[in-house]
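Data block below; observations after.
Read the figures in this text as sums done on the coordinates, not as results from a lab. These numbers were taken from a predicted model, which means no experiment stands behind them. Cβ placement follows ideal geometry from the backbone for every residue including glycine, while neighbour counts extend to all protein chains displayed.
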Amino acid sequence: MPTYLAQPPPPPQRMALMDALEAAGIDYDRQPAGYFIYLREGQLEAWERVRKEFSLQIEEDDPSILDTN
Amino acid sequence: MVEASVTVTSYEIAAPTWGNQGDITHLHTDFGDLTCLFRQVPKAEAVVLWTGSLFGAEQPFRVSPISQAVSSDLAQDGIASLMLRYRDTHNLSPCIRDAQAAVAFLEGLGYRRIALVGHSFSGAVVISVAPLSQAIVAVVTLASQTYGATTAAHVSPRPLLLVHGLNDQRLNPYCSEQIYSWARQPKELVLLEGASHGLWERKDELLPLLHSWLRDKLQPGALGAMQKGEPKHRQAGQ
C-alpha cells in the first residue's frame with residue numbers, strides 16, 4: 001500500500017491533524033522531514049479526506065525512510 | 001532502566017531560608033541523598049513535582065523561573081510544589097530514580113494527587129516515571145527530548161500536556177510532535193510561536209497555561225477511575 005511524505009500544516013493545526021489520522025486509523029510517523037503516512041487497504045478515501053481538510057502538500061510518494069535520517 | 005521501587009528512609013526539612021519560596025528538604029534514600037525545595041501549602045492534598053528544576057551544587061540553589069512562578073500561583077489554589085535537584089544531571093537512569101524517590105516521599109506524606117513537570121531532558125524523566133505510581137494523575141513536558149520518551153503511550157490514562165517553542169534551536173519542536181504521536185489520549189500539544197528552548201519569551205501565555213492546566217488536572221476526581229479514596233494528608237515535619 002502507498003506511503004506518503006506530507007509536509008506539516010501550520011503549527012496550530014498539527015495536533016488536530018494527528019488526532020484526525022488516529023481517528024481514521026491511519027498509521028503515521030512524525031519525522032524531521034514531515035509526516036510519513038502509511039496507508040493500509042481501504043484507507044485511501046479516509047486519507048483523501050484528511051489530506052483535503054488540512055490542505056496537506058505531498059512531498060513524495062513512497063519515500064525511503066532511510067533517506068531522511 | 002527503571003527500578004521497581006525506591007525507598008526514602010528519612011527526610012529533613014530545613015528552616016525556611018528563602019522567604020516564601022520554600023524549604024530546602026533533604027531526602028535520604030537507599031541510593032543516596034537528594035535535595036529539593038519544598039513549597040508546602042497548609043492542608044494541601046495535591047502537589048506538583050518539578051523534576052530537575054533545582055540547580056547548583058550548594059546553597060544558594062537556583063530554581064527554574066517557570067517552576068518558581070507557577071508554583072507561586074498554584075500555592076494560592078492550595079497546591080504544593082516540590083522542586084527536585086538531580087544527583088547526576090543528564091544521566092537518565094539515576095534521574096528517573098531520583099524522581100521516583102521524590103514521588104515516594106510525597107506519597108509518604110499523604111499526597112494522592114501528584115502532577116509531574118519536566119523541562120527538556122526532564123521530559124523523558126517524567127514520561128518514564130508517570131506509569132509507576134497511581135498517585136500521579138497528570139504529566140507536563142516542556143521542550144522535551146525524544147530520547148527516553150518512547151514509552152509516552154504508558155502515561156495514559158493520565159492527561160499529558162506537551163509544550164514546545166517553535167524557535168527552539170536545541171530540540172526541534174517536532175520532538176514534541178513525535179512524542180504526541182507516540183502518546184495516547186488524553187493528550188494536548190501546544191506549539192508556541194517565538195519561543196526558544198527556555199520558553200520564557202512566551203511566559204505571558206505559558207505561565208497561565210501551566211497554572212490553569214495543572215490546577216484543573218489536580219482537582220479531586222479529575223482522573224476518576226484512577227483515584228483510590230480520599231487522601232490522608234499531613235504536613236511534612238508534623
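In summary, the aspartates and glutamates within cross-link reach of B:Lys217, defined as a Cα separation below 17 angstrom excluding same-chain residues under 8 places away, comprise B:Glu45, B:Asp73, B:Asp77, B:Glu188, B:Glu230. The coefficient of translational diffusion for the stretch A:3-61, derived via Stokes-Einstein from the alpha carbon Kirkwood radius under 20 °C and 1.002 mPa s, stands at 191 µm²/s. Here the stretch B:8-219 was treated as a single set of alpha-carbon atoms; its pair distances binned every 5 Å from 0 give 1, 8, 17, 21, 22, 17, 9, 4, 1 percent. Here the stretch B:31-125 carries DSSP beta bridges of which approximately 40% are antiparallel, counting only pairs with both residues inside.
Ranked by how many other Cβ atoms sit within 10 Å of their own Cβ, fewest first, the residues B:Arg184, A:Arg14, B:Arg87 fall in the order B:Arg184, B:Arg87, A:Arg14. For the options B:Gly22, B:Gly221, B:Gly110, a Gaussian network treatment of chain B with springs between C-alpha atoms closer than 10 Å singles out B:Gly221 as fluctuating the most. Among B:Thr7, B:Thr146, a tally of other beta-carbon atoms within 10 Å of each Cβ gives an order, fewest to most, of B:Thr7, B:Thr146.
The helix-only estimate of mean residue ellipticity at 222 nm for chain B, built from DSSP H runs of length n ≥ 4 each weighted as -39500 (n - 2.57), is -8000 deg cm²/dmol after division by the residue total.
Label the stretch B:44-161 by shape, choosing from rounded, prolate and oblate, from the square roots a ≥ b ≥ c of the eigenvalues of the Cα gyration tensor; if a/c is under 1.5 it is rounded, and otherwise prolate applies when a/b is larger than b/c, oblate when it is not. Rounded. A Förster radius of 22 Å, combined with the Cβ-Cβ distance separating B:His28 from B:Arg62, puts the computed FRET efficiency at roughly 0.45.
Calculate the mean, over all residues of peptide B:172-184, of how many other protein chain Cβ atoms lie within 10 angstrom of the residue's Cβ.
Mean shielding by partner chains, rounded to a whole number: 4.
Pairwise Cα distances in the protein assembly as shown exceed 38 Å for 17 percent of all pairs.
When both chain A and the stretch B:41-65 are represented by their alpha-carbon centers, they are found 41 Å apart.
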